[in-house]
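Since the structure comes first, as C-alpha cells, the remarks are kept for the end.
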Amino acid sequence: MYQTYTQTYSTEKIYESKSAKVVVLWVSRHSPLPAQIKALEEKLGSVAIYQMSGMVPNAELVVEIAKRLNASVIVPVLPLSMIARLAELAKQNNFTVLLAKMNTIATTKTVEEARKVAWEKPESRTMATYADGTVRVFEFERFERLIEVRLVTEPL
C-alpha cells in the first residue's frame, strides 16, 4: 500500500538590495543569515532574494519557480538526490547553483547550550536539532558554485 502526501510550499520575497539586478531563489525552510546575504551581495552585486520553503517535491518544481521569478541563481538546502538533479537541470536551463559552506562548530545535547554558542555570532551562525536529540551549531564560511554531483564506488 502506498500513501501519498500533499506537497505544500510557499515562495516569498524576503530581501532586496537597492536596484536589485540578480534574482536569487533560496530553497530552504531557514531564511539566509545576514552573513550569507552580505556574501551574495559581495559576489553578485544587488540582489533580490525569494525564499521557497515547505515541502518541495522535486527539482523540476524548483526550476519552474526559478523561471517564473526570473532567477539566475538557486541556493538549495535539499536532500542530495534533489541537489544532484538540480545540478543537471541548472546546466540545461542556465542557472547557477550555489551551496553554502557551513562548518560545524559545536555539538551539544541541549538547545540552551547550542543557543549560547550560536548567539555569540548571530549574523553567521545557526543551529539544527536532530532526531537523536543532538543539537549542532553551524557557522557560515562561504558560498561554493555547484558544478556536478558524482557517485564514485569501488568493489569491496
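The values are calculated or read from the model by the stated rules, or taken from the named source; none is laboratory data. Every value quoted in this text rests on a predicted model; they were computed, and no experiment measured them. Note: ideal-geometry Cβ built from the backbone for every residue, glycine included; neighbour counts use all protein chains shown.
Just the residues that are within 20 Å of V77 (Cα to Cα) and surrounded by fewer than 17 Cβ atoms within 10 Å (Cβ to Cβ), please, taken from the range 12-40.
Here is the first cut: in the range 12-40, the ones within 20 Å of V77 (Cα to Cα) are 12-15, 22-40.
Result: E12, K13, I14, S28, R29, H30, S31, P34, K38.
Going by the conditions given, is F138 touching a Leu at 6+ places or on another chain (Cβ under 9 Å) and on the phi < 0 side of the Ramachandran plot?
Working: touching a Leu at 6+ places or on another chain (Cβ under 9 Å): no; on the phi < 0 side of the Ramachandran plot: yes.
Spelling it out, it is not the case that F138 is touching a Leu at 6+ places or on another chain (Cβ under 9 Å) and on the phi < 0 side of the Ramachandran plot.
Can you tell me which residues in the range 69-89 are farther than 16 Å from S28 by Cα and either surrounded by 22 or more Cβ atoms within 10 Å (Cβ to Cβ) or touching a Cys at 6+ places or on another chain (Cβ under 8 Å) (or both)?
none
Just the residues that are over 20 Å from L44 (Cβ atoms) and either surrounded by 13 or more Cβ atoms within 10 Å (Cβ to Cβ) or out of contact with any helix residue (DSSP H, G or I) (no Cβ under 9 Å at 6 or more places or on another chain) (or both), please, taken from the range 90-106.
From the range 90-106, those over 20 Å from L44 (Cβ atoms) are 92, 103-106; that's our starting set.
Residues satisfying the conditions are N103, T104, I105, A106.
Out of the residues in the range 117-137 that are free of Cβ contacts under 8 Å to residues at least 40 places away in the same chain and among the small types (G, A, S), state the one that is surrounded by the most Cβ atoms within 10 Å (Cβ to Cβ).
A118
Only one residue in A114, A66 is more than 24 Å from L25 (Cβ to Cβ), without any contact (Cβ under 8 Å) to a residue 60 or more places away in the chain, outside any loop (DSSP other than H, G, I, E, B) and out of contact with any Pro (no Cβ under 7 Å at 6 or more places or on another chain). Which one?
Values: A66 fails: more than 24 Å from L25 (Cβ to Cβ).
After applying the criteria, what remains is A114.
Give just the number: which of (1) surrounded by fewer than 16 Cβ atoms within 10 Å (Cβ to Cβ); (2) touching a helix residue (DSSP H, G or I) at 6+ places or on another chain (Cβ under 9 Å); (3) under 20 Å from I37 (Cβ atoms); (4) not aliphatic (A, V, I, L, M) does R145 not satisfy?
(2)
E123: modelled with pLDDT of 95 or more, among the charged types (D, E, K, R) and part of a helix (DSSP H, G or I), yes or no?
Values: modelled with pLDDT of 95 or more: yes; among the charged types (D, E, K, R): yes; part of a helix (DSSP H, G or I): no.
Considered against the rule, which asks whether it is modelled with pLDDT of 95 or more, among the charged types (D, E, K, R) and part of a helix (DSSP H, G or I), E123 comes out as no.
Residues in the range 23-53 that are without any contact (Cβ under 8 Å) to a residue 24 or more places away in the chain and not in a helix (DSSP H, G or I): how many?
So the answer is 1.
Across the range 69-109, what is the total count of residues that are in a strand (DSSP E or B) and under 23 Å from K21 (Cβ atoms)?
To start, the set of residues in the range 69-109 that are in a strand (DSSP E or B) comprises 73-76, 96-108.
Going one step further and asking which of them are under 23 Å from K21 (Cβ atoms), we end up with 73-76, 96-100.
Count: 9.
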